[in-house]
Amino acid sequence: MSEPGPESRLADAHAEYERALEAVEEIGESELRRLASARSELSELFDRYEERATGTGDFRGFIEFQSQVTALVEDLPEDLPRRGAFEEVDSIFDKRRLNGADFERAREALAPVDEAVERFDDRERARERLREARRAAESRIAELDDRIDALEELLALSDVDLDAPVADLRVPIDGYNDAVTEAFTEYLERASAREVVAFLDRTGWYPLVETPDVPADLRAYIANAEAGTEPIPTLLEYADYSSSKLDHYVEDADALKRAVATRRTALERIDATPFRLEWPPRPAAELRFRLRELRSVISRFAPEETVARLREVRTLTRDPDYERLRRAAEARDRLGQRERERLRSGAIAEDRETAIEEKRRLQEALERYAPTIASS
């Protein structure tokens, strides 16, 4: 059996809380508090005197207990609900000698009082369940908001020409990406680690080309140690050597181990990824800004052929068909065959309306029960 949804859970929790409120109001808030206080005082007396007041060993304790119980009962208002239970307890203890069975009978006699006082706990539990139901409804509304946004994004693709020749964009972009990856890989193999770090520092002037940071301790080692004149792939290879073998290649094997081996991931992250173009591509104006920065950066390590491929992509961004092809590429990337069929059939539009309707019902339910929740 499936669990109730947020709307049903909220309605049920509200109804339960209303019943709990009515149960407290049936006796009265102040009367219940007086009952709870008296019951608590009596429990303290039981705990303090039960051993002393039973048997024949502590007559003084027996007298103190009887007198305090009688005083407590006499102090209760005559019209206090369940007062008869306290009177019965006083009657149970009105004898010359007490035993454990008397205390047990007294606790049984207080059952009506315990049932009444329990209404406070019932109300608090119901209040918390109502709060939890509200949180669940609010959480579901947030989920529905995300779903509605996602469905609307898909619906925005309904007018996209999925049969557009996106290869007109894909081929030049892939060609550039392959070329720049090969060029940067070759650069890493021939340039010293020191030169590469300096190059990465210079890319900081180009915020649209996000290259990885080199940790300060690794940067310091590369700048000052003789091993910094070696290419990064060589340093990574050295880091795998044993210290005895490494002694044949560097002056301080331990220093290289500390600087490189512990920062291996930072060096491995230095690759061509920051210089590659995303697929699907960005909107034309945004992409042109990035291409301008990329041209300044890759010209420091890539041959003219690679830079020419970048210029070819830049030319495409000025083609009147660019946005149509870009949106088609985006749609194909986001939509699988099933999503395309559901978009054409109107199923996605129906899902959106269903989500909007569920959100509306939940919001109305929250508004309906808000006064009760706020007062809690």
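Any read-out appearing in this document is the output of simple, stated calculations on the displayed coordinates, not a laboratory observation. Small disclaimer: the values here were computed from a predicted structure and weren't measured. Here the Cβ is made from the backbone with ideal geometry for all residues, glycine too, and neighbour counts use every protein chain on show.
Annotations
- For the range 278-330, the list of GluC sites (Glu not before Pro) that fall in a loop by DSSP and count at most 13 other C-beta atoms within 10 angstrom reads GLU278.
- Nearest-ten-degree value, helix 193-202 long axis tilted from longest Cα axis of the chain: 70 degrees
- Inter-label distance for ASP321 and GLU3, nm, one decimal - labels placed 7 Å from Cα along Cα-to-Cβ: 5.3 nm
- Whichever lysines have a C-alpha closer than 21 Å to that of LYS257, once near sequence neighbours (fewer than 8 apart) are set aside: LYS245
- Legend: calculated FRET efficiency, HIS248 to ARG282, from the Cβ-Cβ distance at R0 = 51 Å, rounded to 0.05, equals 0.55.
- Answer label for semi-axes √(5λ) of the Cα gyration tensor in Å (calculated), chosen among (1) 36, 22, 20; (2) 31, 27, 23; (3) 78, 38, 14: (3)
- Stretch gain in nm, segment ARG311-GLU152, where the contour uses 0.36 nm per residue and the Cα spacing is subtracted: 53.7 nm
- Separation of the ALA266 and LEU80 label points, Cα + 7 Å toward Cβ, nm: 7.3 nm
- Estimated [θ] at 222 nm from DSSP helical runs (n ≥ 4, -39500 (n - 2.57)) normalised by residues in the chain, nearest 500: -24000 deg cm²/dmol
- What the phi angles of the range 109-125 give under the Karplus curve with 6.51, -1.76 and 1.60, with θ = phi - 60°, is a coupling list of 5, 7, 4, x, 5, 4, 5, 5, 5, 4, 5, 4, 5, 4, 5, 5, 5 Hz, glycine and proline written as x.
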